[in-house]
Amino acid sequence: RLYFKQFADRCLTSIRQVALGQTGPAGIIPDQPFTIFTVLKGSGENLEAPLTEGEEIHRMLEAVTSWAANWPKARLPALDEKVKLPLKSSTNDADVVYARKRGRAVWFPTLFTDSELVRRSLSCYHRNLVFAALQTESLCGLATATEQEIEVRTFARLPVMHRDCAELAAKILGRMYAGHKDTYRSMSLRYHIQQNGLEAAINKIRDEFNLIPLH
């Protein structure tokens, strides 16, 4: 009998061993999940006012992105460009995508307080962020595992399929990081890579193929 997390860990271990061998690196499973939280419907007073640092909504956004046990008393980060994703100029000042290392919270009161609005735009945006985060996690996991493998043996000694997949991942991650028109464009992807300190692993793979480093 296995609990769900134990079953998931066993499945991920099996996949890793098939791809990288029995002695391949084990550090590709993140310590914490990456979560996306989106408010689809809500009501209240002054919700469309700009977010105020240190107040209840700020604490709520921190709670659902950090998932810290002591969130009611946790020290809140400043509401600056490190936690607020840059949005299009057409958005309202109250709209925020709150970005932390292992989570995002979408707070768009101008959309979720409209009682007559069909909220497909919010659910669609949520879905896009989920799949973009999943893609980023997956490709960065491959880059991290490959970096660890290179520490043990040279890149040229890796299986051909592994090298081909690593090259493809490095190129896709570069386009995602730069917001290239050929991929889904969102600053959330760049923040995802930066906040989790993944540039070095990606750049090590890109260097093997003479690709411009992320910067």
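Report, by residue number, each residue of the stretch 174-196 that is closer than 14 Å to Ala99 by Cα and open to solvent by 30 Å² or more (accessible area, probe 1.4 Å). If the condition is that a residue be closer than 14 Å to Ala99 by Cα and open to solvent by 30 Å² or more (accessible area, probe 1.4 Å), then Met187, Arg190, Gln194, Gln195, Asn196 are the ones that fit. For the stretch 47-64, enumerate the residues that are outside any loop (DSSP other than H, G, I, E, B) and open to solvent by less than 70 Å² (accessible area, probe 1.4 Å). Scanning the stretch 47-64 gives Ile57, His58, Arg59, Met60, Leu61, Glu62, Ala63, Val64. Quick check, is Thr144 touching a residue at least 12 places away in the same chain (Cβ under 8 Å) and under 30 Å from Asp93 (Cβ atoms)? Criteria not met by Thr144.
Taken together, the criteria place Ala105 among residues that are touching a helix residue (DSSP H, G or I) at 6+ places or on another chain (Cβ under 8 Å) and farther than 27 Å from Lys171 by Cβ. I'm told Ala201 meets every condition in (1) of a type in the set (Gly, Ala, Ser); (2) within 28 Å of Thr65 (Cβ to Cβ); (3) touching a residue at least 40 places away in the same chain (Cβ under 8 Å); (4) in contact with a Leu (Cβ under 7 Å, 6 or more places away or on another chain) except one. Can you identify the failing condition by its number? Just one mismatch for Ala201, condition (4).
For every residue, the table says whether it meets (1) aliphatic (A, V, I, L, M); (2) over 21 Å from Ala49 (Cβ atoms); (3) at pLDDT 95 or above; (4) open to solvent by less than 60 Å² (accessible area, probe 1.4 Å).
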| residue | (1), (2), (3), (4) |
| --- | --- |
| Ser66 | no, yes, no, yes |
| Trp71 | no, yes, no, no |
| Asp93 | no, no, no, no |
| Val97 | yes, no, yes, yes |
| Ala105 | yes, no, yes, yes |
| Phe108 | no, no, no, yes |
| Thr113 | no, no, no, yes |
| Val118 | yes, yes, no, no |
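Could you pull out the residue among Glu199, Glu208 that is farther than 15 Å from Leu139 by Cβ and surrounded by 15 or more Cβ atoms within 10 Å (Cβ to Cβ)? One residue alone meets the criteria, Glu208. Of all residues in the stretch 1-20, those being in contact with a helix residue (DSSP H, G or I) (Cβ under 9 Å, 6 or more places away or on another chain) and either in a loop (DSSP other than H, G, I, E, B) or modelled with pLDDT of 75 or more (or both) number 1. Flag set for Glu137, criterion: under 15 Å from the mean Cα position of the chain (by Cα) and open to solvent by 10 Å² or more (accessible area, probe 1.4 Å).
Within the stretch 73-83, the only residue that satisfies the criterion of being in contact (Cβ under 8 Å) with a residue 24 or more places away in the chain and either open to solvent by 60 Å² or more (accessible area, probe 1.4 Å) or out of contact with any Leu (no Cβ under 8 Å at 6 or more places or on another chain) (or both) is Ala78.
The values are calculated or read from the model by the stated rules, or taken from the named source; none is laboratory data. Bear in mind the structure is a predicted one, so any value in this text is a computation, not a measurement. As a convention, Cβ positions derive from the backbone with ideal geometry for all residues, glycine included, and neighbour counts pool all protein chains shown. The protein model used for the area step is the full one, side chains on, heavy atoms only, and it has no ligands, DNA or RNA in it. Shrake-Rupley method; radii C 1.70, N 1.55, O 1.52, S 1.80 Å.
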